[in-house]
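Read the structure below first, then the notes.
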Amino acid sequence: MKSFSGKVLFLDRNDINTDEIIPARYLTEITKEALKPYLLEDLTLPAFDVEKDLEEKAIVVTRENFGCGSSREHAPWALEVNGINVVIAESFARIFRQNMYNCGMFAIEMPKEVINHLFSVYAGVETIISVDVNKDVLIIEADGKSEIIEFTVGEFDKTLVREGGWVGYADKNY
Amino acid sequence: MGKTLAEKIFDAHRVEMPFPDTHVLKLDRVFCHEITTPIAITDLMARGMDRVFDPTKIKAVIDHVTPAKDSKTAEQGKIMRDWAKRHNIKDFFDVGKNGVCHAIFPEKGFVRPGYTIIMGDSHTCTHGAFGAFAAGVGTTDLEVGILKGVCAFHFPKTIKVVLDGKLKPGVYAKDVILFIIKELTVNGATNMVIEFAGPVVDEMSMESRMTLCNMAIEAGGTSGVCYPDMTTVNYLWDYIKGEFESKEAALLEYSKWKSDDDAEYENVYKYDVTKLEPMVTFGYKPDQVKSVTEMTGTTVDQIYIGSCTNGRIEDLREAAKVLKGKTISENVRGIVSPATPAIYSKALKEGIIEIFQDAGFCVTNPTCGACLGMSNGVLADGEICASTTNRNFNGRMGKGGTVHLMSPATAAATAIKGKIINSDLFENQTGE
Ligand code: SF4
């Protein structure tokens, strides 16, 4: 299993699309590793500096419909090779969400109130989130304090995370 | 309670439900292109699983960047080419025979009502125009599709969009779908199938239905679908006449692929499109849509006519009607990419290519081309393109560029004027 714990990158916008996560001009790469320098290159957000803000980040917290647009799995891969294996959002585009679990990564949906709470309390503060895969909770730590928030993911998605992705699972079962 | 079309297709293809709401479906088609497939191929090779479930059900094309533009795209093409040969994939379309995936696969008769289809491409929803369940997937789903011929889905709810009335001259499927996306928003159909129905859809050609279904994903939709009818049968007839005694017999068989009258919908939207005007996007999301009248006078630098949305013969015909005998503004560049070789040939024979050239357009080979800013027609920082494609995302056609989505007729008129304007095919023209 991958690591699901680390510092949080807050992206405060709805509808961040996969062209913004990894622009089409880099889709000629045929290894995942080659995508590393280009993550979020076309994302323009006030208070987001692509040069500095990605450093050491392991978790993304964002708003609605994250990963809409193109089906490119290069989007989760670009996150993965940058050490980000978890995205927490109010909602996801279908293909992006499935791609994350197919790669054994987490796309965790949270109600609007919880996302609002995370932004209002933690954005701008150095925050660490850990996903407890067995208890289905997020452990959030900042400023020496911590809080625990429950989440739900389907059994299929959890199995994919445990098995490290869909290819291995499908090969065994079909 | 009745069933939706998607539910019927799921029922007919379900292998098992290993977990709640996880439907593993048998696939009738796996479509492949050179951007998302090579990594699936190399991963399968690395795992020692370089196999395909059924070479006759896999159809592959090189379309996004073709002919190759550099060593990396040459490598992507080579991986596809070698793989197709190694596994005896006969329907592989390479340079000279290739065109945009969502135009060439239907044109070759590969799509049938009731089919399940996946492809590593979000606009796979296009093929729902034939009454199929066709969904875009990522490379991992594609990889499993290639290997095992199955894909797992959560059950999609269905929303129905009923289109009443009659479109005015100069108003097209593209204007309708832009209007619908504005109404639904970019997130309004996520995890859902959008059924398009009503008298307006009944009157549409297969090409127009494909334009409608193509952009279902821009509202988040899993697939767009139209019910099969005589228009569908006529389009497919050359490919299916060996299977049926008559067109009526084919229609009877295909007619089972529609929702029951008492099927349960997440939502039903009814629109009378009689008064609909030509539409265009602004901003960087496909639900940011206004009438062309409201956007009249916006200057542009480039016009692009092509893509899986609007690069088919009827699109070129409508654009040519507007361009005939005219030349484009000296302030713009015009590019047209017929979506497939067959469309290109038809356009040549009908004198359409000549009209485009006389007007000052550059005619490219069939390819995705400028649509995704990967090969030709890339915008410079700050430039604006009037485009018949489907995405106006920030940087989509080149870093720092802006895209306005519109119909081919509006794009042609905009090319002549150098500014966004309604075409003179639109009757109630209220602009300049
Ligand atoms: S024409 Fe554009 S949207 Fe369509 S498949 Fe090609 S790149 Fe994708």
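A few comments on the model shown:
- Legend: mean number of C-beta atoms from other chains within 10 angstrom of residue C-beta atoms, peptide A:94-101, equals 6.
- Karplus-derived 3J(HN,Hα), 6.51/-1.76/1.60, for each residue of the range B:123-131, Hz, glycine and proline x: 7, 4, 3, 3, 6, x, 4, 9, x
- 3J(HN,Hα) from dihedral phi, the range A:75-92, Karplus parametrisation 6.51/-1.76/1.60, rounded to Hz, x for glycine, proline: 5, x, 4, 4, 5, 4, 6, 9, x, 9, 10, 9, 10, 10, 8, 5, 7, 10
- Mean Cβ neighbour count within 10 Å, used as a protection proxy, ranking A:134-142, B:169-177 highest first: B:169-177, A:134-142
- Counting only Cβ charges, +1 for Lys and Arg and -1 for Asp and Glu, the dipole size of the range B:1-100 around its Cα centre is about 280 debye.
- Helices in the protein assembly as shown, meaning DSSP H runs of at least 4 residues, each add -39500 (n - 2.57). Divided by all residues, the mean residue ellipticity at 222 nm is -9000 deg cm²/dmol.
- D_trans [Stokes-Einstein, Kirkwood Rh over alpha-carbon pairs] for the range B:90-140, 37 °C, 0.692 mPa s, µm² s⁻¹: 288 µm²/s
- Debye log10 I(q)/I(0) for the range B:196-259, one point scatterer per Cα, at q = 0.16, 0.25 Å⁻¹: -0.57, -1.09
- Range of Cα positions in the range B:73-117 per principal axis (Å), largest first: 35, 21, 14
- Kirkwood Rh (inverse of mean 1/r, distinct Cα pairs), the range B:248-293, angstrom: 14.8 Å
- Taking the 1.4 Å solvent-accessible surface of the protein assembly as shown as the whole, the part contributed by carbon and sulfur is 48%.
- Accessible area buried, both sides summed, chains B and A with 1.4 Å probe, Å²: 4000 Å²
- Of the residues B:GLY165, B:GLY334, B:GLY373, the one that moves most in a GNM of chain B with alpha-carbon contacts below 10 Å is B:GLY165.
- Scoring B:341-352, B:199-210 by mean Cβ neighbours within 10 Å over their residues and listing the highest first yields B:199-210, B:341-352.
- Magnitude of the charge dipole, the range B:110-208, Cβ model with Lys/Arg +1 and Asp/Glu -1, debye to 20: 100 debye
- Most mobile of B:GLU245, B:GLU266, B:GLU330 in a GNM of chain B (Cα contacts under 10 Å): B:GLU245
- Taking only alpha carbon atoms, the range A:45-112 gives an Rg to Rh ratio of 0.95, where Rh is the Kirkwood radius.
- Take each residue of peptide A:162-170, count the partner chain Cβ atoms within 10 Å of its Cβ, and average: the result is 4.
- Shielding by partners - mean other protein chain Cβ count within 10 Å, residues of A:124-136: 0
- Selection of trypsin sites (Lys or Arg not before Pro), the range B:64-161, meeting DSSP coil and at most 12 other Cβ within 10 Å: B:LYS90
- Placing +1 on the Cβ of every Lys and Arg and -1 on the Cβ of every Asp and Glu, with nothing else charged, gives chain B a dipole about its Cα centre of roughly 840 debye.
- The alpha-carbon atoms of chain B define a convex hull whose volume equals 137 cubic angstrom per residue.
- Restricting attention to the range A:5-173, close to 50% of DSSP beta bridges with both partner residues there are antiparallel.
- Shape analysis of the protein assembly as shown based on the Cα gyration tensor places the equivalent ellipsoid semi-axes at 36, 28, 24 Å, largest first.
- Computed over the Cα atoms of the range B:216-296, pair by distinct pair, the Kirkwood hydrodynamic radius stands at 16.5 angstrom.
- Cα-only Debye scattering, the range A:5-173: base-10 log of I(q)/I(0) at q = 0.08, 0.15, 0.21 Å⁻¹: -0.22, -0.81, -1.59
- Between the listed residues B:MET215, B:VAL201, B:ALA134, the Cα displaced farthest toward the positive end of the dipole of the range B:64-219, a dipole computed from Cβ unit charges relative to the Cα centre, is found at B:ALA134.
- Surface per residue (accessible, 1.4 Å probe) for chain B, Å²: 34 Å²
- Farthest toward positive dipole pole in the protein assembly as shown [+1 Lys/Arg, -1 Asp/Glu at C-beta], among B:ILE421, B:THR73, B:PHE19: B:THR73
- Computed over chain A with a Gaussian network model linking Cα atoms closer than 10 Å, the most mobile of A:ILE148, A:ILE129, A:ILE30 is A:ILE30.
- Using distinct alpha-carbon pairs, which all enter the 1/r mean, Kirkwood radius of the range B:166-227 in Å: 11.5 Å
- Positive-end residue, the protein assembly as shown charge dipole about Cα centroid, Cβ charges, pick of B:THR56, A:THR62, B:GLY351: B:GLY351
The values are calculated or read from the model by the stated rules, or taken from the named source; none is laboratory data. Note that the structure is a prediction, hence the values are computed from the model and not measured. Glycine gets a Cβ as well: all are built from the backbone with ideal geometry, and neighbour counts include every protein chain shown. Accessible surface is based on the protein model in full, side chains and every heavy atom, while ligands, DNA and RNA are left aside. Shrake-Rupley method; radii C 1.70, N 1.55, O 1.52, S 1.80 Å.
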